[in-house]
1. If I fit a long axis through the Cα atoms of helix 308-318 and take the longest principal axis of the Cα atoms of the chain, what angle between them do I get, 0 to 90°, rounded to 10?
2. What spacing in nm lies between the two simple spin-label points modelled at Ala252 and Glu314, each 7 Å away from Cα in the Cβ direction?
3. Would you mind calculating the gained length between Glu453 and Ser323 on full extension (0.36 nm times residue separation, minus the Cα-Cα distance), in nm to one decimal?
4. Relative contact order for region 343-457: what is it in percent, counting Cα pairs under 8 Å that are at least 6 residues apart?
5. Using a 10 Å cut-off on Cβ atoms, rank the peptides 239-248, 85-94 from the highest mean neighbour count down.
6. How many angstrom lie between the Cα centre of region 405-454 and the Cα centre of region 305-346?
7. Can you give the three extents of the C-alpha atoms in the chain along their principal axes, from longest to shortest, in whole Å?
8. I need the calculated FRET efficiency for the pair Glu103 and Asn149, taking r as the beta carbon distance and R₀ as 30 Å, to the nearest 0.05.
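Here, each number is a calculation from the coordinates, and none is a lab measurement. As the structure is a computational prediction, the values presented were derived from the model and not from experiment. Cβ: placed from backbone, ideal geometry, glycine included. Neighbour counts: every protein chain shown.
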Amino acid sequence: MNQRLLLCSFSVLLLLVACGDHSDRAPGPPSLLTVRSTAAPEGPAGVMSELVFPVFMDGPQERAVVVRYQSRDLEARVDEDYLPVQGELTIPAGQVEGSIVVELLGDATEEVAERFELQLTLEGNAQLTADTAIGTIANDDGRCDSPFNKEPNPWILPTGSDPLNYAHRGGVIDFPENTLYAYYEVARAGADVLEMDVYQTADNELVILHDLDVDRTTDGSGNVVDLTLAELRALDAAYWFVPGRGTPHDAAEGDYVFRGIATGDRPPPPGYRASDFRIPTLEEALQAFPRELINIELKPDQDGVGDYERQIAELLLQYGRTSDLIAASFVDAAANNFKAVAPCIPTSVPLQEGVVLVLGSYGPDLSLPPIPNHVAFQIPRNGNQISQLPPSLHIEVATPDLVADAHAVNVAVQVWTINDCQDMLDMIALGVDAIMTDRPLLLEELLNTPPGERRCD
């Protein structure tokens, strides 16, 4: 009896060993592996800094995946701007993330941003989403003690050109607003400008969020100024988003298709991470979008310390963003404080100053005075879109007369927030320089249609 039991036990043991041996078992589906392009400041002269490429897969594998990489010069030069890299990164079995680090060589030369490329190959059960990744070395040596030069003004488009497609908060109706996911998607779709709002946290970090509080868009509550960055990063920034509707709080549970990605309860779409659905920092956006035009809206400095505008200016200068970005604000105090610390960065006309200028030029017989301090008017189509104005001033703002007057003094006209198809066509016909919209996909579709064939269903 004992001998029979021993033989049975031995047989079971052999069976378990055989089942545990995966060497002959066919692998599961391959993971998608992304090496994300990124940017970093070069650092002070004589000091080495780092540029870190995030590496991630959309699911773990039972065996290790190896990423082989080699750097190649573009504008950046090896041993002059960065140290060459050639090697491999192993993502162990069961894990999904890693990073590739490239050392940068700082100098004191003012220069445009320079790029190099990582050429990529894989070994293991995974597929690359792209076989190259771009590292952008930002110029952080620029001075900012003189006003910007707007001769010519790059934000004024040639007569007859289509307007710029401004993705308002990344596309409030198309994507979960103010998330990296939204900005990546609209940039891929062809939007020209990424519009983002910046608040300061309780621990003086700069985050991208439109509202004073987090209640409308996230699964949390409270004012941004009262929450730390860690507390904000724990929230789901896509919690209330419904595609095509924005952030309704009364939709069916199944309509919230991105809910839970940020917290790890649902997998992200291919090529994305959970962190792409959280509240991002301004620096993360600058790292992610070094070549896209950006519009930053400054919010009121809620804690009254006064370093908010300086922090933003210093970060923009660190990433060399002085000629391809507009700093905008409805708050005249914030706009003036920013201009005082960063006169070299282009700005739009703030609200109170803009109201005085527009009303003073209203009508065909009046014109605008010179406006040397700003590159653009950012205006609504009509005054009833500005809650701060009394009903008596709810006049048509975006008019042929204003466009002509603004262009005559070298100021662009950028109109917000245009979500209706016919309104978009009206603004295109008006000759405005940019249309800010919560529906950048619709606007892009119109702009990609030959002018004579543009219609609204």
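1. So the inclination is approximately 70 degrees.
2. Placing both labels 7 Å along Cα→Cβ, they lie 5.1 nm apart.
3. Roughly 43.3 nm would be gained on extension.
4. Relative CO of region 343-457 lands at 21 percent.
5. 239-248, 85-94
6. 26
7. Sorted from largest, the Cα extents of the chain read 111, 57, 51 Å.
8. Calculated transfer efficiency: 0.30.
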